[in-house]
Amino acid sequence: MKFRLSIVGAGVIAQEYLKVLQEIKNLKVVGIHSRTKKKAIDLKKKFNIKKVHSSIEEMYEAEKPHGVIITTSIEETKNVLKECIKFNWKILVEKPVGYNLEEFYKIKKLIKKKIQNVYVAMNRNHFESTLMLKDEIKNRKIKRIIFVQDQENNLFKKNEYHKKVIKNWMYANSIHLIDYFRMFGRGQIKNVKTTHTKISKNKKIVNAEINFSSGDLGIYKCFWNLNSPWAVSIIYEDQRFELKPLEIMNYYVRNSKIKTFKPKKNDLKFKPGFKLQIDKFLKKIQGSKNKLLPDIRDSEFTMKLINQIYKK
């Protein structure tokens, strides 16, 4: 099959996708559309895209692409999806699907009739380290602790993002970390207990305890406008698996490091997770019924959890 894909958006993430797409021999990027036409023209030249289009409708009608990748700014997601669902193609949309939970539900209602064609780009699901960790613990039936350490700076982003996005920065960026609870927590969430410790006017520590019906326990700690690394740990009584940084998995027994897994070819050559994510999207285009990519239901789980942790 010769795949035809299109891109909406012409920013940094669009470029990262195009780096992957240009390496796939049986694939052609046949169109790009962006509010910033100059950026789209630059990407057309750099990545040999067939044409820059003035609208999503024009882009679809010109080539009837099999799929489209949405990489626009978060506040534009709803409007772009509203246009994209008019056509018969598979859709891969960058997270988050909406700048907060209320916006997410508006989008979910909007795309209801085409929801089966929409997949959410959560690239950390496809990290080599994430997949290795899943494989290491898949047969462990005992209860586990999922510890997620987050760090966010929204003070430095005010000139880079829309004010709605800044106000809801936990959806825009903390989603990267909080989604690990969906990946590794088993069963349904029974309850979430949260405390906010204020350090100063703009600095705080958010702690959350997430109890799952399986008996798994999630612990979330986020340092807002304070210095701290991102990290994810799966903890058993005398063993620990740690992603720190998220691209590397370390295995400990009684605090002694036993094994380190580092990324290989694709997660070094491209933005981590992107190559496998695209491979899975192409399989969906081919009609695969397997659970390969996060969908709107998965996104809802994580968006609801973010809301539970941060609601006041």
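Which loop GluC sites (Glu not before Pro) in region 227-262, with loop taken from DSSP, have no more than 11 other Cβ atoms within 10 angstrom of their Cβ? Let's see the in-between values first.
Details: sites: E237, E242, E247; in loops: E237, E247.
Answer in residue order: E237.
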Subject >> Reach of K138 by Cα under 17 Å, taken over lysines that are not fewer than 8 positions away in the same chain >> reply: K291
Original post:
With N residues in region 3-122, what two-decimal value do you get for its Cα radius of gyration over 2.2 N^0.38 Å?
Top reply: 0.99
Original post:
Setting aside same-chain residues fewer than 8 positions from K203, which lysines have a Cα under 22 Å from its Cα?
Top reply: K157, K158, K163, K164, K167, K193, K221, K311, K312
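Show me the trypsin sites (Lys or Arg not before Pro) within region 196-246 that DSSP assigns to loop and that have at most 15 other Cβ atoms within 10 Å of their Cβ. Provide the component values of the computation, followed by the final result.
Values: sites: K198, K201, K203, K204, K221, R240; in loops: K201, K203.
Within region 196-246, the qualifying trypsin sites (Lys or Arg not before Pro) (loop, at most 15 other Cβ atoms within 10 Å) are K201, K203.
How high is the relative contact order of region 3-122? Use alpha-carbon pairs under 8 Å, at least six apart in sequence, and give a whole percent.
Reported as a whole number, the value is 24 percent.
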**OP:** Name the residues whose placed amide hydrogens come within less than 5 Å of the amide hydrogen of L226, ignoring near sequence neighbours (fewer than 5 apart) on the same chain.
**Re:** E152
Original post:
In whole percent, what relative contact order does the chain give with Cα contacts below 8 Å and a gap of six or more residues?
Top reply: 18 percent
Subject >> GluC sites (Glu not before Pro) within region 1-101, DSSP loop, no more than 13 other Cβ atoms inside 10 Å >> reply: E23
Subject >> Gain on full stretching of the segment that runs from N88 to E102 - 0.36 nm per residue minus C-alpha separation >> reply: 2.3 nm
Original post:
Gaussian network model of the chain, Cα springs within a sub-10 Å range: biggest mean-square fluctuation belongs to which of R254, R35, R186?
Top reply: R254
Original post:
Summing +1 for each Lys or Arg and -1 for each Asp or Glu, what net charge is found among the other residues whose Cβ lies under 9 Å from the Cβ of F301?
Top reply: 0
Original post:
How big is the gap, in Å, between the Cα center of region 218-290 and the Cα center of region 115-190?
Top reply: 10 Å
**OP:** Enter the angle in degrees (range 0 to 90, nearest 10) between the Cα long axis of helix 128-137 and the first principal axis of the Cα atoms of the chain, meaning the one along which they spread out most.
**Re:** 40 degrees
Original post:
Hey, which aspartates and glutamates would be in cross-link range of K25, C-alpha to C-alpha under 20 Å, not counting anything within fewer than 8 residues on its own chain?
Top reply: E16, E63, D267, D279
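Only the coordinates and a few stated rules stand behind these numbers; no lab work does. For clarity, every value in this text was computed on a predicted model and none was experimentally measured. Using ideal geometry, Cβ is built from the backbone for each residue, glycine included, and neighbour counts are taken over all protein chains shown.
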